[in-house]
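Pasting in a structure now, in structure tokens, and then I'll have a few things to ask.
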Amino acid sequence: MLHRIGALLLALPLVLGLSLAASRTPHAYASQADEPENAATLYNINLYRGWLGIPPLVVDPALQRAAEAHVEYYRLNYGDPSLAGMGLHYETPGKPGFTGESFQDRADHQGYQGWVNENAGLSGSISCHSTGSSVPSAIA
């Protein structure tokens with residue numbers, strides 16, 4: 001229990017940093033919104049936000065689609081040297097799975113109406129994640 005509370009406290013700066021995005025109107029279902037792990041994480045983050053008087057975060061379907069499409073682009077182009085380092089954030093026109101060069105282009109392509117930034121990271125083996133079972137969530 002203390003480990004879980006500690007992890008949530010470490011996430012508090014992220015929660016506070018996303019407070020501007022929370023003023024958006026709540027959105028309908030996104031593909032992973034009701035998966036137990038994601039729902040529990042969002043519930044706990046919003047619990048802390050509520051204690052601080054900050055509006056809750058919600059999953060944004062357009063951002064979710066953009067994130068899932070970019071993961072698929074990365075999977076399809078795994079091993080391409082252009083994806084090394086900061087190249088992880090960009091896509092190349094004409095390559096399999098391309099939906100937009102920049103993270104803003106990809107969000108726009110999926111119908112998102114606001115400004116975006118991206119924080120992406122990899123851990124473990126791509127082969128463990130290429131089944132689609134580990135796709136990032138998008139919150140706004």
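Check Ser130 against each of (1) modelled with pLDDT under 90; (2) of a type in the set (Ser, Thr, Tyr); (3) open to solvent by 50 Å² or more (accessible area, probe 1.4 Å) and name the one condition it does not meet.
Unmet condition: (3).
Out of all the residues in the stretch 59-99, which are part of a loop (DSSP other than H, G, I, E, B), touching a residue at least 24 places away in the same chain (Cβ under 8 Å) and open to solvent by less than 40 Å² (accessible area, probe 1.4 Å)? Give the steps one after another, and end with the answer.
Of the stretch 59-99, the ones part of a loop (DSSP other than H, G, I, E, B) are 60, 77-80, 84, 90-99.
Among the residues that remain, those that are also touching a residue at least 24 places away in the same chain (Cβ under 8 Å) are: 60, 78, 97-99.
Asp60, Gly97, Thr99 - these are the residues of the stretch 59-99 that are part of a loop (DSSP other than H, G, I, E, B), touching a residue at least 24 places away in the same chain (Cβ under 8 Å) and open to solvent by less than 40 Å² (accessible area, probe 1.4 Å).
Within the stretch 47-58, take every residue that is in contact (Cβ under 8 Å) with a residue 12 or more places away in the chain and part of a loop (DSSP other than H, G, I, E, B) and give me the one that is most open to solvent (accessible area, probe 1.4 Å).
Leu52
Next question. Identify all residues within the stretch 106-115 that are open to solvent by less than 70 Å² (accessible area, probe 1.4 Å) and either out of contact with any Phe, Trp or Tyr (no Cβ under 9 Å at 6 or more places or on another chain) or at pLDDT below 90 (or both); write none if there are none. If you could, list the steps in order and put the result at the bottom.
Initially, the stretch 106-115 is screened for residues open to solvent by less than 70 Å² (accessible area, probe 1.4 Å), giving 106-107, 110-112, 114.
The answer is Gln110, Gly111, Tyr112, Gly114.
The values are calculated or read from the model by the stated rules, or taken from the named source; none is laboratory data. Quick caveat, the model's predicted, so the values are computed rather than measured. Here the Cβ is made from the backbone with ideal geometry for all residues, glycine too, and neighbour counts use every protein chain on show. For accessibility, only protein heavy atoms count, side chains too; no ligands or nucleic acids. Shrake-Rupley method; radii C 1.70, N 1.55, O 1.52, S 1.80 Å.
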